[in-house]
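Chemist: Okay, handing you the structure first.
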Amino acid sequence: MFLITAANGNQGKLLMPKLAAAGLPVRALVRTEQSGDVLRALPGVEVMVGDMSEPGVLERAMEGVSSVYHIGPVLHPREREIGFAAVDAAKAAGVRHFVFSSVLHAILTDLVQHEIKRDVEEHLLSSDLEYTILQPSNYMSPLKLQPVFREGVFRLSWSLDRLQSMVDLDDVTDVVVEVLTNGERHYGATYELVGRGRYDAHELGRIISQVLGREIPVEEIDGDEYLKAFIGDRDPAAFTHEARVLRAITARYSAHDFVGNPNVLTWLLGREPTSFAQFVEREYRHYQARAAAPAGA
Ligand SMILES: NC(=O)c1ccc[n+]([C@@H]2O[C@H](COP(=O)([O-])OP(=O)(O)OC[C@H]3O[C@@H](n4cnc5c(N)ncnc54)[C@H](OP(=O)(O)O)[C@@H]3O)[C@@H](O)[C@H]2O)c1
(Lines give C-alpha, C1' and ligand atoms only; values in the text may rest on other atoms or scores of the structure.)
Protein backbone atom coordinates (compact mmCIF):
# COMPACT_ATOMS: atom_id res chain seq x y z
CA MET A 1 0.00 0.00 0.00
CA PHE A 2 1.25 3.49 -0.94
CA LEU A 3 0.30 6.48 1.21
CA ILE A 4 0.06 9.93 -0.40
CA THR A 5 -0.40 12.95 1.89
CA ALA A 6 -1.94 16.25 0.70
CA ALA A 7 -3.40 13.98 -1.97
CA ASN A 8 -5.82 16.41 -3.60
CA GLY A 9 -3.47 19.37 -3.99
CA ASN A 10 -1.50 20.66 -6.98
CA GLN A 11 0.61 17.52 -7.22
CA GLY A 12 -2.03 15.14 -5.89
CA LYS A 13 -4.61 16.06 -8.54
CA LEU A 14 -2.19 14.83 -11.22
CA LEU A 15 -0.53 12.06 -9.25
CA MET A 16 -3.59 10.20 -7.94
CA PRO A 17 -5.10 9.40 -11.38
CA LYS A 18 -1.67 8.17 -12.56
CA LEU A 19 -1.32 5.81 -9.60
CA ALA A 20 -4.91 4.64 -10.01
CA ALA A 21 -4.39 4.03 -13.75
CA ALA A 22 -1.34 1.92 -12.92
CA GLY A 23 -3.58 -0.26 -10.72
CA LEU A 24 -1.60 0.47 -7.57
CA PRO A 25 -3.19 0.24 -4.13
CA VAL A 26 -3.12 3.75 -2.72
CA ARG A 27 -4.29 5.44 0.47
CA ALA A 28 -4.95 9.16 0.07
CA LEU A 29 -4.83 11.44 3.10
CA VAL A 30 -6.88 14.63 2.77
CA ARG A 31 -8.41 17.06 5.23
CA THR A 32 -11.94 17.48 3.89
CA GLU A 33 -14.73 15.11 2.86
CA GLN A 34 -15.07 17.14 -0.32
CA SER A 35 -11.56 16.16 -1.44
CA GLY A 36 -12.23 12.63 -0.19
CA ASP A 37 -15.22 12.34 -2.53
CA VAL A 38 -13.13 13.44 -5.53
CA LEU A 39 -10.51 10.78 -4.82
CA ARG A 40 -12.98 8.00 -3.96
CA ALA A 41 -14.12 8.16 -7.58
CA LEU A 42 -10.70 6.78 -8.64
CA PRO A 43 -10.31 2.98 -8.81
CA GLY A 44 -8.19 1.37 -6.08
CA VAL A 45 -7.96 4.53 -3.98
CA GLU A 46 -8.71 4.28 -0.26
CA VAL A 47 -9.41 7.67 1.26
CA MET A 48 -8.59 8.75 4.79
CA VAL A 49 -9.93 12.11 5.94
CA GLY A 50 -7.93 13.65 8.79
CA ASP A 51 -5.88 16.65 9.80
CA MET A 52 -2.16 15.81 9.58
CA SER A 53 -1.41 18.28 12.34
CA GLU A 54 -3.54 16.37 14.84
CA PRO A 55 -2.02 13.66 17.01
CA GLY A 56 -2.58 10.09 15.86
CA VAL A 57 -3.67 10.92 12.29
CA LEU A 58 -0.34 10.18 10.60
CA GLU A 59 0.14 7.09 12.77
CA ARG A 60 -3.21 5.70 11.57
CA ALA A 61 -2.48 6.71 7.98
CA MET A 62 0.81 4.73 7.98
CA GLU A 63 -0.78 1.42 9.05
CA GLY A 64 -0.05 -1.31 6.48
CA VAL A 65 1.87 1.11 4.25
CA SER A 66 5.06 0.05 2.41
CA SER A 67 5.92 3.39 0.78
CA VAL A 68 4.85 6.92 1.57
CA TYR A 69 4.99 10.10 -0.50
CA HIS A 70 4.82 12.95 1.96
CA ILE A 71 3.78 16.37 0.69
CA GLY A 72 3.72 18.98 3.43
CA PRO A 73 0.68 21.25 3.13
CA VAL A 74 1.72 24.61 1.79
CA LEU A 75 1.73 27.63 4.16
CA HIS A 76 0.78 25.44 7.15
CA PRO A 77 2.19 26.93 10.39
CA ARG A 78 3.05 23.43 11.63
CA GLU A 79 4.58 22.11 8.37
CA ARG A 80 7.87 21.30 10.13
CA GLU A 81 6.21 19.37 13.00
CA ILE A 82 3.98 17.56 10.49
CA GLY A 83 7.08 16.53 8.50
CA PHE A 84 8.86 15.25 11.62
CA ALA A 85 5.71 13.39 12.72
CA ALA A 86 5.33 11.79 9.28
CA VAL A 87 8.91 10.48 9.41
CA ASP A 88 8.48 9.20 12.99
CA ALA A 89 5.13 7.56 12.21
CA ALA A 90 6.60 5.87 9.11
CA LYS A 91 9.51 4.56 11.14
CA ALA A 92 7.23 3.23 13.88
CA ALA A 93 4.92 1.55 11.35
CA GLY A 94 7.80 -0.21 9.55
CA VAL A 95 7.35 1.69 6.28
CA ARG A 96 10.06 0.62 3.80
CA HIS A 97 10.46 3.74 1.67
CA PHE A 98 9.86 7.39 2.59
CA VAL A 99 9.68 9.72 -0.40
CA PHE A 100 9.68 13.37 0.59
CA SER A 101 8.40 16.26 -1.49
CA SER A 102 10.97 18.93 -0.64
CA VAL A 103 12.01 21.93 -2.69
CA LEU A 104 14.90 23.10 -4.88
CA HIS A 105 17.65 24.64 -2.74
CA ALA A 106 16.16 23.60 0.58
CA ILE A 107 19.33 24.95 2.20
CA LEU A 108 18.19 28.57 1.71
CA THR A 109 17.33 29.68 5.21
CA ASP A 110 15.89 33.08 4.21
CA LEU A 111 12.98 31.27 2.55
CA VAL A 112 10.85 30.06 5.47
CA GLN A 113 9.30 27.12 3.65
CA HIS A 114 12.76 26.01 2.45
CA GLU A 115 14.26 26.06 5.92
CA ILE A 116 11.35 23.92 7.11
CA LYS A 117 12.01 21.37 4.37
CA ARG A 118 15.74 21.43 5.10
CA ASP A 119 14.92 20.49 8.68
CA VAL A 120 12.57 17.70 7.58
CA GLU A 121 15.25 16.38 5.20
CA GLU A 122 17.67 16.28 8.13
CA HIS A 123 15.14 14.47 10.29
CA LEU A 124 14.57 11.94 7.50
CA LEU A 125 18.31 11.39 6.97
CA SER A 126 18.66 10.70 10.70
CA SER A 127 15.74 8.25 10.78
CA ASP A 128 17.55 5.36 9.07
CA LEU A 129 14.51 4.91 6.80
CA GLU A 130 15.13 4.23 3.12
CA TYR A 131 14.45 7.60 1.51
CA THR A 132 14.20 9.52 -1.72
CA ILE A 133 14.07 13.31 -1.60
CA LEU A 134 12.50 15.20 -4.52
CA GLN A 135 13.38 18.88 -4.87
CA PRO A 136 11.12 20.59 -7.43
CA SER A 137 11.77 24.15 -8.53
CA ASN A 138 8.88 26.61 -8.85
CA TYR A 139 5.80 24.88 -10.17
CA MET A 140 4.42 25.53 -13.60
CA SER A 141 1.05 25.39 -11.92
CA PRO A 142 -2.20 25.38 -13.93
CA LEU A 143 -3.72 27.43 -11.09
CA LYS A 144 -1.27 30.25 -11.71
CA LEU A 145 -2.33 30.46 -15.37
CA GLN A 146 -6.11 30.57 -14.85
CA PRO A 147 -6.17 34.27 -13.86
CA VAL A 148 -3.87 35.09 -16.80
CA PHE A 149 -6.28 33.48 -19.27
CA ARG A 150 -9.28 35.11 -17.58
CA GLU A 151 -7.94 38.60 -16.90
CA GLY A 152 -5.30 38.97 -19.62
CA VAL A 153 -2.54 40.08 -17.20
CA PHE A 154 0.39 38.09 -15.80
CA ARG A 155 1.07 39.17 -12.21
CA LEU A 156 4.01 38.24 -9.99
CA SER A 157 4.77 39.36 -6.45
CA TRP A 158 8.53 39.76 -6.98
CA SER A 159 10.96 41.56 -9.29
CA LEU A 160 10.06 41.07 -12.95
CA ASP A 161 13.75 41.08 -13.89
CA ARG A 162 14.86 38.13 -11.76
CA LEU A 163 15.37 34.71 -13.38
CA GLN A 164 13.47 31.60 -12.35
CA SER A 165 13.76 27.94 -13.30
CA MET A 166 10.44 26.14 -13.30
CA VAL A 167 9.11 22.60 -13.52
CA ASP A 168 5.90 21.12 -14.93
CA LEU A 169 3.90 19.21 -12.31
CA ASP A 170 3.07 16.61 -14.93
CA ASP A 171 6.81 15.86 -15.12
CA VAL A 172 7.17 15.92 -11.33
CA THR A 173 4.32 13.43 -10.87
CA ASP A 174 5.75 11.15 -13.61
CA VAL A 175 8.91 11.03 -11.50
CA VAL A 176 6.92 10.31 -8.33
CA VAL A 177 5.24 7.31 -10.00
CA GLU A 178 8.66 5.99 -11.11
CA VAL A 179 10.22 6.53 -7.68
CA LEU A 180 7.33 4.85 -5.84
CA THR A 181 6.97 1.88 -8.18
CA ASN A 182 10.70 1.17 -8.62
CA GLY A 183 11.55 2.21 -5.08
CA GLU A 184 14.80 0.35 -4.53
CA ARG A 185 16.43 1.91 -7.61
CA HIS A 186 15.93 5.31 -5.95
CA TYR A 187 16.86 4.55 -2.34
CA GLY A 188 19.24 7.13 -0.86
CA ALA A 189 18.73 9.61 -3.72
CA THR A 190 18.12 13.36 -3.65
CA TYR A 191 16.88 14.63 -7.00
CA GLU A 192 16.60 18.24 -8.14
CA LEU A 193 13.56 18.48 -10.44
CA VAL A 194 14.06 21.45 -12.75
CA GLY A 195 12.78 22.14 -16.26
CA ARG A 196 14.98 23.60 -18.99
CA GLY A 197 15.49 27.36 -19.15
CA ARG A 198 15.69 30.41 -16.93
CA TYR A 199 13.02 32.98 -17.39
CA ASP A 200 12.39 36.47 -16.13
CA ALA A 201 8.77 37.63 -15.99
CA HIS A 202 9.07 39.58 -19.26
CA GLU A 203 10.09 36.40 -21.11
CA LEU A 204 7.28 34.42 -19.46
CA GLY A 205 4.86 37.16 -20.56
CA ARG A 206 6.24 37.01 -24.14
CA ILE A 207 5.74 33.23 -24.25
CA ILE A 208 2.19 33.47 -22.90
CA SER A 209 1.40 36.27 -25.40
CA GLN A 210 2.71 34.15 -28.28
CA VAL A 211 0.58 31.14 -27.31
CA LEU A 212 -2.57 33.20 -26.72
CA GLY A 213 -2.01 35.31 -29.84
CA ARG A 214 -2.56 38.56 -27.95
CA GLU A 215 -0.45 40.87 -25.85
CA ILE A 216 -0.32 39.84 -22.18
CA PRO A 217 1.18 42.60 -20.03
CA VAL A 218 3.29 41.64 -17.04
CA GLU A 219 2.72 43.38 -13.73
CA GLU A 220 4.64 43.30 -10.45
CA ILE A 221 2.26 43.34 -7.51
CA ASP A 222 3.13 44.18 -3.95
CA GLY A 223 3.67 40.97 -1.92
CA ASP A 224 1.21 42.26 0.67
CA GLU A 225 -1.48 42.58 -2.00
CA TYR A 226 -1.07 38.87 -2.67
CA LEU A 227 -1.21 38.25 1.07
CA LYS A 228 -4.44 40.25 1.39
CA ALA A 229 -6.02 38.24 -1.40
CA PHE A 230 -4.96 35.03 0.37
CA ILE A 231 -6.34 36.10 3.77
CA GLY A 232 -9.55 37.66 2.41
CA ASP A 233 -11.85 38.84 5.19
CA ARG A 234 -10.27 36.55 7.82
CA ASP A 235 -8.35 37.99 10.80
CA PRO A 236 -4.73 38.82 9.68
CA ALA A 237 -3.52 38.12 13.24
CA ALA A 238 -4.22 34.43 12.63
CA PHE A 239 -1.90 34.37 9.61
CA THR A 240 1.50 35.45 10.91
CA HIS A 241 3.24 32.33 9.58
CA GLU A 242 1.68 32.70 6.13
CA ALA A 243 2.67 36.39 6.09
CA ARG A 244 6.26 35.51 7.00
CA VAL A 245 6.45 32.88 4.23
CA LEU A 246 5.00 35.14 1.54
CA ARG A 247 7.09 38.20 2.47
CA ALA A 248 10.24 36.07 2.46
CA ILE A 249 9.38 34.81 -1.04
CA THR A 250 8.98 38.37 -2.34
CA ALA A 251 12.25 39.48 -0.71
CA ARG A 252 14.36 36.52 -1.84
CA TYR A 253 13.04 36.30 -5.40
CA SER A 254 13.47 40.05 -5.81
CA ALA A 255 17.04 40.02 -4.51
CA HIS A 256 18.33 36.89 -6.27
CA ASP A 257 17.63 34.64 -9.25
CA PHE A 258 16.23 31.21 -8.38
CA VAL A 259 17.63 28.76 -10.90
CA GLY A 260 18.67 25.14 -11.26
CA ASN A 261 19.74 22.56 -13.83
CA PRO A 262 17.52 20.16 -15.86
CA ASN A 263 20.01 17.26 -16.22
CA VAL A 264 18.65 15.12 -13.37
CA LEU A 265 15.00 15.53 -14.41
CA THR A 266 15.86 14.73 -18.06
CA TRP A 267 17.60 11.54 -16.97
CA LEU A 268 14.73 10.50 -14.69
CA LEU A 269 12.07 11.12 -17.36
CA GLY A 270 14.08 9.58 -20.20
CA ARG A 271 12.89 12.54 -22.33
CA GLU A 272 13.10 16.32 -22.43
CA PRO A 273 11.24 18.03 -19.59
CA THR A 274 8.15 20.00 -20.59
CA SER A 275 9.05 23.53 -21.61
CA PHE A 276 7.16 26.58 -20.36
CA ALA A 277 5.75 27.15 -23.89
CA GLN A 278 4.47 23.54 -24.06
CA PHE A 279 2.95 23.95 -20.62
CA VAL A 280 1.09 27.14 -21.58
CA GLU A 281 -0.10 25.57 -24.87
CA ARG A 282 -1.48 22.52 -23.03
CA GLU A 283 -3.19 24.53 -20.30
CA TYR A 284 -4.67 26.99 -22.82
CA ARG A 285 -6.11 24.06 -24.82
CA HIS A 286 -7.72 22.74 -21.59
CA TYR A 287 -9.01 26.21 -20.73
CA GLN A 288 -10.57 26.65 -24.18
CA ALA A 289 -12.10 23.16 -24.10
CA ARG A 290 -13.67 23.88 -20.68
CA ALA A 291 -14.99 27.24 -21.91
CA ALA A 292 -16.54 25.56 -24.98
CA ALA A 293 -18.14 22.71 -22.97
CA PRO A 294 -21.87 22.98 -22.20
CA ALA A 295 -22.57 24.18 -18.63
CA GLY A 296 -22.35 21.36 -16.06
CA ALA A 297 -20.34 19.07 -18.42
N1 LIG B 1 4.20 26.15 -5.41
C2 LIG B 1 5.44 25.91 -5.79
O3 LIG B 1 5.94 26.48 -6.76
C4 LIG B 1 6.26 24.89 -5.03
C5 LIG B 1 7.53 24.54 -5.52
C6 LIG B 1 8.27 23.58 -4.84
C7 LIG B 1 7.75 22.99 -3.68
N8 LIG B 1 6.52 23.36 -3.22
C9 LIG B 1 6.02 22.71 -2.00
O10 LIG B 1 5.04 21.73 -2.37
C11 LIG B 1 4.20 21.49 -1.23
C12 LIG B 1 2.76 21.61 -1.61
O13 LIG B 1 2.46 20.70 -2.63
P14 LIG B 1 1.09 20.85 -3.39
O15 LIG B 1 1.05 22.23 -3.97
O16 LIG B 1 0.95 19.68 -4.27
O17 LIG B 1 0.09 20.69 -2.19
P18 LIG B 1 -1.13 21.62 -1.80
O19 LIG B 1 -1.89 21.98 -3.04
O20 LIG B 1 -0.69 22.67 -0.89
O21 LIG B 1 -1.95 20.55 -0.94
C22 LIG B 1 -3.31 20.65 -0.75
C23 LIG B 1 -3.73 19.29 -0.21
O24 LIG B 1 -3.28 19.18 1.13
C25 LIG B 1 -4.35 18.75 1.94
N26 LIG B 1 -4.14 19.30 3.26
C27 LIG B 1 -3.88 20.58 3.59
N28 LIG B 1 -3.72 20.71 4.91
C29 LIG B 1 -3.91 19.48 5.44
C30 LIG B 1 -3.90 18.95 6.74
N31 LIG B 1 -3.65 19.73 7.79
N32 LIG B 1 -4.14 17.64 6.92
C33 LIG B 1 -4.39 16.83 5.86
N34 LIG B 1 -4.40 17.26 4.58
C35 LIG B 1 -4.17 18.58 4.38
C36 LIG B 1 -5.59 19.33 1.26
O37 LIG B 1 -6.73 18.62 1.66
P38 LIG B 1 -8.19 19.26 1.37
O39 LIG B 1 -8.28 19.43 -0.12
O40 LIG B 1 -9.12 18.22 1.90
O41 LIG B 1 -8.22 20.57 2.11
C42 LIG B 1 -5.23 19.08 -0.21
O43 LIG B 1 -5.50 17.74 -0.55
C44 LIG B 1 4.53 22.56 -0.19
O45 LIG B 1 5.32 21.95 0.79
C46 LIG B 1 5.31 23.59 -1.01
O47 LIG B 1 6.18 24.33 -0.21
C48 LIG B 1 5.76 24.27 -3.88
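Chemist: So how exposed is residue 249, as accessible area in Å² (1.4 Å probe, rounded to 10)?
Modeler: Surface accessible to solvent at residue 249 totals approximately 30 Å².
Chemist: Measuring from centroid to centroid over Cα atoms, what is the spacing of segment 41-80 and segment 225-286 in Å?
Modeler: When both Cα centres are located, 23 Å separates them.
Chemist: Quick one: if you stick a label point 7 Å off each Cα along the C-beta vector at residue 288 and residue 81, how many nm between them?
Modeler: My value for the distance between the label points is 4.9 nm.
Chemist: Once you keep just the Cα pairs under 8 angstrom separated by 6 or more residues, what percentage relative contact order results for segment 1-90?
Modeler: Details: 141 pairs, mean separation 28.7, N = 90.
Answer for segment 1-90 is 32 percent.
Chemist: Follow-up. Given contacts defined as C-alpha pairs under 8 Å and at least six residues apart, what's the relative contact order of segment 72-178, whole-number percent?
Modeler: Rounded, it is 24 percent for segment 72-178.
Chemist: Further question on the same structure: For segment 18-37 and segment 174-199, what is the separation of their C-alpha centers, rounded to whole Å?
Modeler: 21 Å
Chemist: Just to verify a number: FRET efficiency for residue 42 and residue 159, C-beta to C-beta distance, R0 = 51 Å, to 0.05?
Modeler: 0.80
Chemist: Could you do me a favour and compute the accessible area per residue for segment 214-257, 1.4 Å probe, result in Å²?
Modeler: 64 Å²
Chemist: FRET efficiency for residue 224 and residue 281, Cβ-Cβ distance as r, R0 = 30 Å, nearest 0.05?
Modeler: In this case the efficiency is close to 0.35.
Chemist: Ignoring ligands, DNA and RNA, how do 228, 18 rank by accessible area with a 1.4 Å probe, largest first?
Modeler: Of 228, 18, the descending order of accessible area is 228, 18.
Chemist: I want the local charge near residue 80. Using Cβ-Cβ distances under 14 Å, sum +1 for each Lys or Arg and -1 for each Asp or Glu among the other residues.
Modeler: Neighbourhood net charge equals -3.
Chemist: Averaging sequence separations of C-alpha pairs under 8 Å and six or more residues apart, then dividing by the length of segment 43-119, give the relative contact order as a whole percent.
Modeler: Relative contact order here is 30 percent.
Chemist: Moving on to the next point. Among 91-97, 230-236, what's the highest-first ranking by average C-beta atoms within 10 angstrom per residue?
Modeler: Highest mean packing first, the order is 91-97, 230-236.
Chemist: Points 7 angstrom from Cα along the Cβ direction at residue 247 and residue 53: gap in nanometres?
Modeler: Between residue 247 and residue 53, the label points sit 1.9 nm apart.
Chemist: Same structure, new question: I'd like the accessible area for residue 139: 1.4 Å probe, protein heavy atoms, all chains in place, Å² to the nearest 10.
Modeler: Counting only protein heavy atoms, residue 139 exposes about 60 Å² to solvent.
Chemist: To continue, here is another question. So how do 109, 266 rank on accessible area, 1.4 Å probe, biggest first, that is with the largest at the start?
Modeler: In descending accessible area the options line up as 109, 266.
Chemist: Can you give the net charge of the other residues whose Cβ lies under 11 Å from the Cβ of residue 227, counting K and R as +1 and D and E as -1?
Modeler: Cβ neighbours under 11 Å give a net charge of -1.
Chemist: I'd like the carbon and sulfur percentage of the solvent accessible area for segment 1-155, probe radius 1.4 Å, heavy atoms only, ligands and nucleic acids excluded.
Modeler: Reported share for carbon and sulfur atoms: 53 percent.
Chemist: Just the number please: accessible area per residue for segment 1-69, 1.4 Å probe, all protein chains included, in Å².
Modeler: The answer is 44 Å² per residue.
Chemist: So how exposed is residue 181, as accessible area in Å² (1.4 Å probe, rounded to 10)?
Modeler: Ignoring ligands and nucleic acids, residue 181 comes out at about 60 Å².
Chemist: Here's something else I'd like to know. Order 70, 202, most accessible first, counting only protein heavy atoms with a 1.4 angstrom probe.
Modeler: Working: 70 0, 202 70 Å².
Order by accessible area, largest first: 202, 70.
Chemist: Give, in nm to one decimal, the length gained when the segment between residue 187 and residue 115 is fully stretched (0.36 nm per residue of separation minus the Cα-Cα distance).
Modeler: Details: separation 72, 0.36 × 72 = 25.92 nm, distance 2.32 nm.
Once the chain is fully extended between residue 187 and residue 115, it gains 23.6 nm.
Chemist: Based on DSSP H runs of at least 4 residues, each adding -39500 (n - 2.57), what is the mean residue ellipticity at 222 nm of the chain after dividing by all its residues, to the nearest 500 deg cm²/dmol?
Modeler: -14500 deg cm²/dmol
The values are calculated or read from the model by the stated rules, or taken from the named source; none is laboratory data. Please read all numbers here as calculations on a predicted model, not as lab measurements. All Cβ positions, glycine included, derive from the backbone under ideal geometry; neighbour counts span all protein chains shown. Just the protein is used for accessible areas: all its heavy atoms, side chains included, with ligands, DNA and RNA removed. Shrake-Rupley method; radii C 1.70, N 1.55, O 1.52, S 1.80 Å.
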